[in-house]
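The values are calculated or read from the model by the stated rules, or taken from the named source; none is laboratory data. Just so it is clear, the model here is predicted, and its values are computed rather than measured. With ideal geometry, Cβ positions are generated from the backbone for all residues, glycine too; neighbour counts draw on all protein chains shown. Calculation scope for accessible area: heavy atoms of the full protein, side chains included, ligands and nucleic acids excluded. Shrake-Rupley method; radii C 1.70, N 1.55, O 1.52, S 1.80 Å.
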Amino acid sequence: MRNYIRIAAPATIANLVCGFDILGLALEEPMDIMELERTDDPGLVIRHTDEYALPLSPEENVAGAALLALLQELQEPIGLQLTTTKHIKPGSGLGSSAASAAGAVVAANRLLGNPFPTPDLIRFAMNGEKVACGVKHADNITPCILGGITLIRAIHPLDIVPLEAPPLHVSVVHPQIEVRTSDARQILRKEVSLKQAIRQWGNIAGLIAGFLQKDYRLISRSLEDVIIEPVRSILIPGFAEVKSRCLEAGALGGGISGSGPSVFMLHETQTQAESTAAIMRDVYNRIGIDHKTYVTRVNTDGVKELP
Ligand code: HSE
């Protein structure tokens with residue numbers, strides 16, 4: 001029987017512009033590192049080695065809530081200690097809570113000899129998202145666990161569809177301001193017009209067809225959000241300028257990463273991704289907001305065991 005496992009859980013971009021709550025992709029960086037050990041005393045102990053001062057009580061901790069859901073269905077009195085080193089800043093819009101929740105349940109499942117299939121792990125991890133923002137959603141968790149790009153057709157019951165796609169290079173800027181997912185959800189309009197809905201579902205269908213047909217032009221045309229972005233972008237200083245300059249510089253398209261404040265762009269080549277990352281830095285240097293940029297790719301592994 002194994003007593004210890006160490007894993008890396010990737011950052012993710014939820015929504016992919018037009019697919020609010022139903023589309024997401026995993027990134028090669030940043031990644032959280034998590035260690036899970038079996039202990040003699042039944043129960044769950046949470047430790048952090050980073051500076052974020054996240055709650056240590058399992059019920060209030062995103063990874064803890066996900067693990068408690070798993071342990072409840074396991075129905076065996078086992079003891080676990082989870083030690084997390086977060087590199088995905090909470091509140092960044094890069095799936096920080098999903099990495100904690102998904103990483104923890106994948107690690108536990110492997111440590112215990114894989115008693116649960118992936119859909120169960122997604123279900124357990126959604127309890128962590130509920131702690132983080134009050135709502136269960138799987139558009140970060142699913143690509144975090146599986147890697148690649150995923151469609152969540154439904155969460156009740158869970159119906160997930162991994163999507164093939166052509167190679168994509170991603171630039172991301174994380175302006176160091178906090179946008180709470182719960183607030184970014186609260187401000188959304190609860191109703192949309194039929195005209196907006198038709199435009200949006202045309203874009204979602206076009207984006208998925210573009211991925212499957214490896215048609216970069218169709219992907220580019222479909223990266224448009226007429227429902228969420230007009231409301232949420234108000235929370236992100238510099239958003240309009242970053243977006244318009246990156247599109248002019250050759251990005252396929254992009255927008256708010258998850259609930260923000262990070263902004264991402266997709267590209268065919270790494271050179272293009274590097275040039276839009278430079279634009280992102282230029283905009284935030286001028287506005288005077290601290291920021292971090294990444295030039296990365298779609299991660300096809302998902303949560304990965306480390307030696
Ligand atoms: N789909 C979610 C949202 C992702 O946009 O609120 C949050 O990480």
Exercise for the section: Take the residues in region 81-114 that are surrounded by fewer than 24 Cβ atoms within 10 Å (Cβ to Cβ) and on the phi > 0 side of the Ramachandran plot, then tell me which one is farthest from the ligand (Cβ to nearest atom). Expected result: 113
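Being under 19 Å from residue 159 (Cβ atoms) and either assigned by TED's automatic domain parsing to the domain that holds residue 181 or in a helix (DSSP H, G or I) (or both) is the filter here, so list the residues in region 106-126 that pass it. Let's see the steps before the verdict.
Taking region 106-126 as the starting set, the residues that turn out to be under 19 Å from residue 159 (Cβ atoms) are 116-126.
Correct list: 118, 119, 120, 121, 122, 123, 124, 125, 126.
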Handout entry: Hits in region 259-278 (condition: open to solvent by 10 Å² or more (accessible area, probe 1.4 Å), within 18 Å of residue 176 (Cα to Cα) and not hydroxyl-bearing (Ser, Thr, Tyr))
Key = 278
Problem - Matching residues in region 177-202 - criterion: being loosely packed, with under 15 Cβ neighbours inside 10 Å and in contact with a Phe, Trp or Tyr (Cβ under 9 Å, 6 or more places away or on another chain) - result: 188
Completion exercise
The condition from (1) within 16 Å of the ligand (Cβ to nearest atom); (2) hydroxyl-bearing (Ser, Thr, Tyr); (3) within 30 Å of residue 105 (Cα to Cα); (4) surrounded by fewer than 21 Cβ atoms within 10 Å (Cβ to Cβ) that residue 300 misses is numbered (1)
Practice task
Give me a count of the residues in region 125-143 that are of a type in the set (Gly, Ala, Ser) and either within 11 Å of the chain's Cα centre (by Cα) or within 10 Å of the ligand (Cβ to nearest atom) (or both).
Solution key: 2
Problem - Single match in 106, 161 (criterion: more than 14 Å from residue 24 (Cβ to Cβ), at pLDDT 95 or above, in contact with a Leu (Cβ under 9 Å, 6 or more places away or on another chain) and of a type in the set (Val, Ile, Thr)) - result: 106
Exercise for the section: For region 279-293, name all the residues that are open to solvent by 10 Å² or more (accessible area, probe 1.4 Å) and either in contact (Cβ under 8 Å) with a residue 40 or more places away in the chain or within 16 Å of the ligand (Cβ to nearest atom) (or both). Expected result: 281, 287, 289, 290, 291, 292, 293
Completion exercise
The correct count of residues that are more than 13 Å from the ligand (Cβ to nearest atom) and either outside the structural domain of residue 179 (by TED's automatic domain parsing) or open to solvent by 20 Å² or more (accessible area, probe 1.4 Å) (or both) in region 220-237 is 7
